[in-house]
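Below you'll find the structure, written out as structure tokens, and then a few comments.
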Protein chains: 2
Amino acid sequence: MTDAATIAQKYITLWNEADQAKRKDLIAQAWTEDATYIDPMMEGRGHDQIDALVGAVHQRFPGYVFAVSGKPEGYGDRVRFSWTLGAPDKDPIAKGTDFGIVAGDGRLKAITGFLDYVQA
Amino acid sequence: MTDAATIAQKYITLWNEADQAKRKDLIAQAWTEDATYIDPMMEGRGHDQIDALVGAVHQRFPGYVFAVSGKPEGYGDRVRFSWTLGAPDKDPIAKGTDFGIVAGDGRLKAITGFLDYVQA
């Protein structure tokens, strides 16, 4: 059984890491080397590209924080979890749901993201 | 741009087809030959296995109907849509969300399903 809650929390933690060196460590722990990421706005493959995507979000939304929302779910090698992005103590500016495929070693090998809400 | 609404409707229509010969035609139109399907209860690869999964649902829930719920979404080769399963004029007994990858010819090559609600 995939531990969806742990996978989701590790994933969100790396998205919140503004320090690039620390973030690269977290990415290497959470993603396989050939991992793919795609959402409606951006995509990347491998640790360096994924790090660049996360860094771009920090540049665009400094001080904003991702949080797991609801209960992550998983079965076999599949996971689904939802998240929010917002400034501390403010309503979220965005919400989304990510669908993942997990490798045999427990790291993510693919994420497809969808947006559930974007502040007007 | 993926036409997520059309893909979702074709997909739901084949799930509702009780006649196996007609259903196999619909499956061939909607899925690639090597397509994969997985949800928390079952999985299959290729037209024959997918047909067997759909047929098993008809056997278990005769007279029940799937319907698209909400607005299907897509970008690039990814789609997401939600559905309900219920007897006509009754509340749904199940709801779910499916995530798909679309081949270059517009047919589905992969679906990962999650359940959003199951009647107790």
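Read-outs: derived from the displayed coordinates by stated rules, not from any lab. Since the model is a prediction, treat every value here as computed from it, not as a measurement. As a convention, Cβ positions derive from the backbone with ideal geometry for all residues, glycine included, and neighbour counts pool all protein chains shown.
Below is a table of values for the structure above.
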read-out: Under 5 Å, built H, 5+ apart or other chain: amide partners of A:Ala110; value: A:Thr36, A:Ile101
read-out: Label spacing, shortest first and in nm, from A:Val57 to its equivalents in the remaining copies (7 angstrom along Cα→Cβ); value: 3.1
read-out: Nonlocal amide H pairs with A:Gly76, under 5 Å, H built at 1.01 Å; value: A:Thr2
read-out: The protein assembly as shown: calculated mean residue ellipticity at 222 nm from DSSP helix runs of at least 4, using -39500 (n - 2.57); value: -10000 deg cm²/dmol
read-out: For chain A: relative contact order, % (alpha-carbon pairs under 8 angstrom, 6 or more apart); value: 26 percent
read-out: Segment B:Tyr117-B:Ala103, extension gain: residue separation times 0.36 nm, minus the distance between their alpha carbons; value: 2.1 nm
read-out: Cβ-Cβ FRET estimate between A:Val57 and B:Ala5, R0 fixed at 30 Å, reported to 0.05; value: 0.55
read-out: Centre separation in Å (Cα based) which lies between segment B:12-70 and segment A:1-80; value: 33 Å
read-out: Gyration tensor (alpha-carbon) shape descriptor, segment B:23-77, a/c threshold 1.5; value: oblate
read-out: Prolate/oblate/rounded call for the protein assembly as shown, Cα gyration tensor, a/c under 1.5 rounded; value: prolate
read-out: Tensor-based shape of chain B (alpha-carbon gyration tensor, a/c under 1.5 rounded, otherwise prolate or oblate); value: oblate
read-out: Length added when fully stretched, B:Asp89-B:Lys71, from 0.36 nm per residue minus Cα-Cα; value: 4.4 nm
read-out: Karplus 3J(HN,Hα) series, Hz, for segment A:47-64 with 6.51 cos²θ - 1.76 cosθ + 1.60 (x for Gly, Pro); value: 4, 5, 5, 5, 4, 5, 5, 5, x, 5, 5, 4, 5, 7, 10, x, x, 7
read-out: Average other protein chain Cβ within 10 Å of Cβ, residues B:95-105; value: 1
read-out: Shielding by partners, peptide A:63-75 (average Cβ within 10 angstrom, other chains); value: 1
